[in-house]
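The values are calculated or read from the model by the stated rules, or taken from the named source; none is laboratory data. Model, not experiment: these values are computed from the prediction. Cβ: placed from backbone, ideal geometry, glycine included. Neighbour counts: every protein chain shown.
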Amino acid sequence: MFKSVWQVIKEQLDHRDLIFRMASFDIKGMYQKHYLGSLWQFINPAIQVSIYWFVFGLGIRGGQPVETSAGPIPFFLWMLMGLIPWFFISPSIIQGSNSVYQKVNMVSKMNFPVSLLPTIKIIGNSLQFFILMILLMIVLFIYGFTPTIYFVQIVYYIFAMFAFLFAFTLLSSTISTLVRDYQMLLQSMVRMILYLSPILWDPNAGRVPEWVANILQLNPIFYIIEGFRDSFLGREWFFEDPLYFFYFWMFTLTILVIGSRAHLQFRKNFVDYL
Amino acid sequence: MTKQLKVEFKNVYKAFEMHAKQKEKLLELFSIERRKQRKEFVAVKDVSFKVYEGESVGIVGLNGSGKSTISNMLAQVIQPTSGEITINGETNLIAISAGLNNNLTGLENIKLKCMMHGMNDEEIDRLTPDIIEFAEIGDYIKQPVKNYSSGMRSRLGFAISVHTDPDVLVIDEALSVGDSTFAQRCLEKMDEFKKRGKTIFFISHSAAQVKSFCEKAMWIHYGEMKMIGSSDEVQKEYQKFISYFNKLSAKEKKEYKAKMLSSQISTVDNEIVKRPEVVKKRNIRHLLASGLMLSIVAFLGALLGLGY
């Protein structure tokens, strides 16, 4: 049962050097043709941040700050705390799920575990994420926020995010190779999840009925994004809501178990399905 | 002194399913019992052979006779439908479309491919000058691969593959792109391989290359092993067939090909292939466990969704 999970994780650990080096090649190859090179990793998010801030912050909210349990916060900052993890989560899910289909032809001729492919995409995207996180901290500092003791749990939430992405892309990349329609569906779903997560608006602000907010909570990305805000704003410890904690980890573990089973079962025949 | 067995094929079959619809492919995936109610194209039919270390085997045959399917199975890219393949050591397949990343430079491709073969930085640095020299790419090595000519690309692919030091080398018409001077150098390199006791499979349409280089040859004819033996004999028979075939009229040629192709298509009628009992039990156990975990998630989710 857990043997397959262990096998997949062990493959990642045994080849961790390879993962990092392949990820760096991935980044290099992606921006080679561009004059501005890897600067695009920051220009793209900057453009998106400004348009979301303009539409949601100025257009819809009229510049009102967001009321949280830790007091009012400028919408711009509140949004950044959600958007920056999102800028990492969304491409990782889409590229990670597509990675096996894209590369299996090339790697199957070598002694190379296919289960590394989604992880390479996740690691490749994480460089941008960590740099943006540091930029966010600088912005917060300029606005006069000082980190509280709650800030240490950011390590926990980053771990939770990586665990979820690893489990999800492992399962997803297998399905996506077998059934190509899934990738299309996934792309639309990811676009939807952006609006169903507390990234651009706060479902708990009383604009929608409470039961709607409760159901929206079931999305594991909701847990991660709210966790990031809890750490930055010092609202709550992650163990203060044990039910939500168990739900998230049970969810992640289940897709990890199913994902690694499915991956190991089908990986010998991936090429036949291309 | 007995030679070590390198590669063994035992009654190997490879059938490709001819699905009428994508939907059938999906249904096949989820059926508990494997139902064989479909058309199959048997690309490789009951092929058995043994190859020992230090041998080089030429594979000849017409287009579409299953040579590339065999080479893919040798490289373990695809799995046989039934039968057993034993390979002692690491195989490396060199095909025309060698897996190079077009956006990266030649140098980066060398590094990437060596890395994927599990080499460390030291080994890569040591091998890189050899590879560049062998491929004769010169200053172009710092250019992206997409700017290379097809000959340069195949030379680079070949150079990387031979330097990764595989135990079994499978060359699938990779030499036909390079000019004869490069082909000559490759043959020399392969001779060196042979002397070191490596095994080489050589797929080529060039009768001269096969004759001069391989002592053994096999002739694959529409999925079946027509002949295996010394290179000279096989070549002689193969050439006999070719000249016989070329003498046929256009209509006869067409008929012959159609007849051979239809013999490779089989319709297996509604035969149910039972999965082994152990696999079935394991699958059921896994299904139960996954179901249990999913229901725990659903239960926790229901609690959360109802707002507890």
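Quick one: count up the residues across the range B:179-221 that are in contact with a Lys or Arg (Cβ under 6 Å, 6 or more places away or on another chain) and under 17 Å from B:LEU93 (Cα atoms).
Residues flagged as in contact with a Lys or Arg (Cβ under 6 Å, 6 or more places away or on another chain) and under 17 Å from B:LEU93 (Cα atoms) within the range B:179-221 amount to 2.
Only residues that are more than 10 Å from chain A (Cβ to nearest Cβ) and modelled with pLDDT of 80 or more: list them for the range B:94-118, please.
B:GLY106, B:LEU107, B:ILE110, B:CYS114
Does any residue in the range B:76-93 that is at the interface with chain A (Cβ under 9 Å from one of its Cβ atoms) come within less than 9 Å, Cβ to Cβ, of a residue that is part of a loop (DSSP other than H, G, I, E, B) and of a type in the set (Val, Ile, Thr) six or more places away or on a different chain, and which pairs are these?
Close Cβ pairs (under 9 Å, with a partner that is part of a loop (DSSP other than H, G, I, E, B) and of a type in the set (Val, Ile, Thr)) amount to B:GLU90/B:THR164; B:ASN92/B:THR164; B:LEU93/B:VAL77.
Mind checking which residues of the range A:180-207 are surrounded by fewer than 21 Cβ atoms within 10 Å (Cβ to Cβ), among the hydrophobic types (A, V, I, L, M, F, W, C) and at pLDDT 85 or above?
A:MET184, A:LEU185, A:LEU186, A:MET189, A:VAL190, A:MET192, A:ILE193, A:LEU194, A:LEU196, A:LEU200, A:TRP201
Examine the range A:72-85 for a residue that is more than 14 Å from chain B (Cβ to nearest Cβ), of a type in the set (Val, Ile, Thr) and crowded, with 18+ Cβ neighbours inside 10 Å, and state whether such a residue exists.
Yes, there is a match, as at least one residue in the range A:72-85 is more than 14 Å from chain B (Cβ to nearest Cβ), of a type in the set (Val, Ile, Thr) and crowded, with 18+ Cβ neighbours inside 10 Å.
Taking the condition within 14 Å of chain B (Cβ to nearest Cβ), in contact with a helix residue (DSSP H, G or I) (Cβ under 8 Å, 6 or more places away or on another chain) and either of a type outside the set (Gly, Ala, Ser) or surrounded by fewer than 18 Cβ atoms within 10 Å (Cβ to Cβ) (or both), does A:PRO118 pass?
Spelling it out, it is not the case that A:PRO118 is within 14 Å of chain B (Cβ to nearest Cβ), in contact with a helix residue (DSSP H, G or I) (Cβ under 8 Å, 6 or more places away or on another chain) and either of a type outside the set (Gly, Ala, Ser) or surrounded by fewer than 18 Cβ atoms within 10 Å (Cβ to Cβ) (or both).
Mind checking which residues of the range A:1-19 are out of contact with any Lys or Arg (no Cβ under 9 Å at 6 or more places or on another chain) and in a loop (DSSP other than H, G, I, E, B)?
Applying the first criterion (out of contact with any Lys or Arg (no Cβ under 9 Å at 6 or more places or on another chain)) to the range A:1-19 yields A:2-3, A:6-19.
Selection gives A:PHE2, A:HIS15.
Grab the strands (runs of 3 or more DSSP E) fully contained in the range B:154-247, keeping just those with 1 or more residues being among the small types (Gly, Ala, Ser) and closer than 16 Å to B:LYS67 by Cβ.
Numbers: elements: B:168-172, B:199-203, B:216-221, B:224-230.
It comes to B:216-221.
If I filter the range B:173-185 for residues that are touching an Asp or Glu at 6+ places or on another chain (Cβ under 9 Å), more than 14 Å from chain A (Cβ to nearest Cβ) and not polar (S, T, N, Q), do I get at least one hit?
yes
Could you figure out which of (1) facing another protein chain (nearest Cβ under 10 Å); (2) under 23 Å from A:GLY57 (Cα atoms); (3) among the charged types (D, E, K, R) isn't true of A:ARG261?
(2)
Checking the conditions here, which among B:GLU133, B:GLU55, B:GLU122, B:GLU108 is of a type in the set (Asp, Glu), without any contact (Cβ under 8 Å) to a residue 12 or more places away in the chain and within 22 Å of B:GLN184 (Cβ to Cβ)?
B:GLU133
Report yes if B:THR181 is out of contact with any Leu (no Cβ under 7 Å at 6 or more places or on another chain), assigned by TED's automatic domain parsing to the domain that holds B:ASN63 and crowded, with 20+ Cβ neighbours inside 10 Å, otherwise no.
Against the criterion (out of contact with any Leu (no Cβ under 7 Å at 6 or more places or on another chain), assigned by TED's automatic domain parsing to the domain that holds B:ASN63 and crowded, with 20+ Cβ neighbours inside 10 Å), B:THR181 does not qualify.
Provide a single number: the residues in the range A:90-114 that are more than 14 Å from chain B (Cβ to nearest Cβ) and either part of a loop (DSSP other than H, G, I, E, B) or within 12 Å of the chain's Cα centre (by Cα) (or both).
Total meeting the criteria: 7.
Just wondering, is there one or more residues in the range B:209-227 that are over 16 Å from B:VAL57 (Cβ atoms), surrounded by 12 or more Cβ atoms within 10 Å (Cβ to Cβ) and small (Gly, Ala, Ser)?
yes
Which residue pairs have Cβ atoms under 6 Å apart, sit 6 or more places apart or on different chains, and have a first residue in the range A:1-19 that is facing chain B (nearest Cβ under 9 Å) and a second that is in a helix (DSSP H, G or I)?
A:MET1/B:ALA289; A:SER4/A:SER260; A:SER4/A:ARG261; A:SER4/A:LEU264; A:HIS15/A:LEU116
Among the listed residues B:ILE200, B:ILE137, B:ILE160, B:ILE131, which satisfies the condition of being in the same structural domain as B:PHE49 (by TED's automatic domain parsing), among the aliphatic types (A, V, I, L, M) and crowded, with 19+ Cβ neighbours inside 10 Å?
Within the list B:ILE200, B:ILE137, B:ILE160, B:ILE131, the selection yields B:ILE200.
Suppose we keep only residues that are surrounded by fewer than 16 Cβ atoms within 10 Å (Cβ to Cβ) and at the interface with chain B (Cβ under 7 Å from one of its Cβ atoms) within the range A:241-257. Which one would you say is nearest to B:LEU292 (Cα to Cα)?
A:PHE246
What are the residues in the range A:25-57 that are within 13 Å of chain B (Cβ to nearest Cβ) and surrounded by 14 or more Cβ atoms within 10 Å (Cβ to Cβ), if any?
Answer for the range A:25-57, where residues must be within 13 Å of chain B (Cβ to nearest Cβ) and surrounded by 14 or more Cβ atoms within 10 Å (Cβ to Cβ): A:PHE25, A:ASP26, A:ILE27, A:LYS28, A:GLY29, A:MET30, A:TYR31, A:GLN32.
Determine whether A:PHE266 is at pLDDT below 90, under 23 Å from A:SER173 (Cα atoms) and buried (at least 18 other Cβ atoms within 10 Å of the Cβ).
It is true that A:PHE266 is at pLDDT below 90, under 23 Å from A:SER173 (Cα atoms) and buried (at least 18 other Cβ atoms within 10 Å of the Cβ).
Say whether the condition of being in contact with a helix residue (DSSP H, G or I) (Cβ under 7 Å, 6 or more places away or on another chain), at pLDDT 80 or above, in a helix (DSSP H, G or I) and surrounded by 11 or more Cβ atoms within 10 Å (Cβ to Cβ) is met by at least one residue in the range B:269-285.
Scanning the range B:269-285, I find no residue that is in contact with a helix residue (DSSP H, G or I) (Cβ under 7 Å, 6 or more places away or on another chain), at pLDDT 80 or above, in a helix (DSSP H, G or I) and surrounded by 11 or more Cβ atoms within 10 Å (Cβ to Cβ), so the answer is no.
Go through (1) without any contact (Cβ under 8 Å) to a residue 24 or more places away in the chain; (2) surrounded by 15 or more Cβ atoms within 10 Å (Cβ to Cβ) one by one and return the number of the condition A:THR169 breaks.
That leaves (1) as the condition not met.
Does B:LYS36 count as assigned to a strand (DSSP E or B), at pLDDT below 75, touching a strand residue (DSSP E or B) at 6+ places or on another chain (Cβ under 6 Å) and more than 27 Å from B:LYS211 (Cα to Cα)? Lay out the reasoning, then the answer.
Values: assigned to a strand (DSSP E or B): yes; at pLDDT below 75: yes; touching a strand residue (DSSP E or B) at 6+ places or on another chain (Cβ under 6 Å): yes; more than 27 Å from B:LYS211 (Cα to Cα): yes.
Yes; evaluated as a whole, the condition is true for this residue.
Can you pull out the residues in the range A:195-218 that are facing chain B (nearest Cβ under 10 Å) and either among the polar types (S, T, N, Q) or touching a residue at least 12 places away in the same chain (Cβ under 8 Å) (or both)?
Across the range A:195-218, the qualifying residues are A:ASN214, A:LEU216, A:GLN217, A:LEU218.
Restricting to the range A:1-19, name every residue that is over 22 Å from A:LEU127 (Cα atoms) and of a type in the set (A, V, I, L, M).
Hits for the range A:1-19 are A:MET1, A:VAL5, A:VAL8.
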